[in-house]
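The values are calculated or read from the model by the stated rules, or taken from the named source; none is laboratory data. In this text the structure is predicted, and so the values were computed from the model without any measurement. Note: ideal-geometry Cβ built from the backbone for every residue, glycine included; neighbour counts use all protein chains shown.
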Amino acid sequence: MLELLLALVTVAVIALIGLLAVLVTPPLMVAYGLWALAAGLLIGIPTGWWYHVVLYRTLSSRMALPSRWWHKPVELHPLLQTAEYRRVRPWFVAGALGFVLCVTGGVAAIAGMLVMRFYP
């Protein structure tokens, strides 16, 4: 049953990609990509910053943080207690969502511009 569901989902995704390829023109791809990039920046920058603040406040009250801890803050997650992790996680996820939107929007905008440039 699981294999059948997986096959149906795969066929549906392929059909959706084919439909999107026809409906979304390169200029629309650039526009949507830039809007997604802007939304990602608006979401990701403040929430990512606040994630670092919350993580610092949480851990610095108990221990000295390593120098340049902000370069790899995920490595500090195992040091969090369950209640602390629940406070930090929403900001971590929101910042990650902003990052994914930035990357996806940037790639879509660049792809749309390349299509317009090389396939007039």
Does residue 73 satisfy the condition of being out of contact with any Lys or Arg (no Cβ under 9 Å at 6 or more places or on another chain) and either among the acidic types (Asp, Glu) or surrounded by 15 or more Cβ atoms within 10 Å (Cβ to Cβ) (or both)?
yes
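Given the residues 46, 27, which is the only one that is under 30 Å from residue 71 (Cα atoms) and not hydroxyl-bearing (Ser, Thr, Tyr)?
The match here is 46.
Within the stretch 58-117, track down each residue that is charged (D, E, K, R) and within 30 Å of residue 32 (Cα to Cα).
Passing the criteria: 89, 117.
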Hey, residue 53 hits all of (1) under 30 Å from residue 118 (Cβ atoms); (2) modelled with pLDDT of 95 or more but one; which does it fall short on?
(1)
Taking the stretch 36-66, which residues are of a type in the set (Lys, Arg) and part of a helix (DSSP H, G or I)?
57
